[in-house]
1. In region 15-45, how many are in a helix (DSSP H, G or I) and more than 36 Å from the chain's Cα centre (by Cα)?
2. I'd like the residue in region 157-199 that is in a loop (DSSP other than H, G, I, E, B) and of a type in the set (S, T, N, Q) and, out of all such residues, is surrounded by the fewest Cβ atoms within 10 Å (Cβ to Cβ).
3. Looking at Val79, Val154, Val68, Val141 in this structure, which one is in contact with a helix residue (DSSP H, G or I) (Cβ under 9 Å, 6 or more places away or on another chain), modelled with pLDDT of 90 or more and surrounded by 11 or more Cβ atoms within 10 Å (Cβ to Cβ)?
4. If a residue must be of a type in the set (S, T, N, Q), surrounded by fewer than 18 Cβ atoms within 10 Å (Cβ to Cβ) and farther than 11 Å from Arg67 by Cα, how many such residues does region 18-40 contain?
5. Quickly run through region 117-145 and pick out the residues that are part of a loop (DSSP other than H, G, I, E, B), more than 18 Å from Leu176 (Cα to Cα) and β-branched (Val, Ile, Thr).
6. Being touching a strand residue (DSSP E or B) at 6+ places or on another chain (Cβ under 7 Å) and in contact (Cβ under 8 Å) with a residue 60 or more places away in the chain is the filter here; which residues of region 136-164 pass it?
7. Out of the residues in region 41-64 meeting the condition of being among the polar types (S, T, N, Q) and exposed (fewer than 13 other Cβ atoms within 10 Å of the Cβ), tell me which one is modelled with the lowest pLDDT.
Amino acid sequence: MTELTDRQRQVRDFIESQQAAGKPIPTLRDITRHFRFRSTRAAADHVQALVRKGALSRQPGKARSLRVLSPLQPFRRPVVDIPIYGSIPAGLAEDRRQEAQGCVSIDIETLGLKPTPRTFALEVSGDSMIGKCILEGDLVVLEHGMSPRNGDVVAALIDNESTLKTFVVERGKPYLKAENPKYPKLTPAQELVIQGVMVALIRKRK
């Protein structure tokens with residue numbers, strides 16, 4: 001935001017105080033009266049300068065449409081909500097039913113994501129993926145329907161049990177690898193279904 005003059009700052013603060021108090025947004029006449037300007041022209045000049053400098057926004061043709069903008073407003077990124085479908089074991093595979101637990105809001109540009117209707121998140125339980133810095137309580141963001149590449153972290157159903165592991169293909173045969181030496185690799189006896197490929201990791205504050 002461009003530096004404001006003292007008077008522009010006072011005008012912005014007056015509008016902000018009215019806005020914060022839930023009072024009607026001041027018109028040019030209100031601003032003129034409050035600051036004892038000789039005419040509404042002076043108030044209009046200050047408001048135009050504040051809009052130009054990014055401190056205010058307004059809708060043309062509406063008398064009470066002035067809004068004070070945060071200095072961070074130009075830097076805010078698009079945010080989307082990703083659904084969280086229960087938890088995923090990062091340990092031994094478990095037969096666990098997934099239930100929706102809400103959603104997580106993420107800054108897609110910062111994470112470099114392009115979410116689709118198939119993007120979802122799961123909460124991690126267990127310590128089998130600590131070698132990839134995936135810890136218990138983390139949220140893994142996954143893309144359903146994406147074909148995994150060798151070395152991708154995936155949420156998978158292996159013989160009808162769910163788990164979070166690294167997808168590995170060796171000699172043409174896939175298996176799931178833990179990133180903790182105390183856990184064995186998992187080779188499907190019958191079926192391996194990839195439910196999602198990890199595209200981001202979110203760590204909750206503790």
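The values are calculated or read from the model by the stated rules, or taken from the named source; none is laboratory data. Remember, predicted model here, so these are calculated numbers, not experimental data. No Cβ is skipped: glycine too gets one built from the backbone with ideal geometry, and neighbour counts run over all protein chains shown.
1. 14
2. Gln190
3. Val141
4. 3
5. Hits for region 117-145: nothing passes.
6. Correct list: Gly137, Asp138, Leu139, Val140, Val141, Ala155, Ile158, Glu161, Ser162, Thr163, Leu164.
7. Restricting to residues being among the polar types (S, T, N, Q) and exposed (fewer than 13 other Cβ atoms within 10 Å of the Cβ), the top hit is Gln59.
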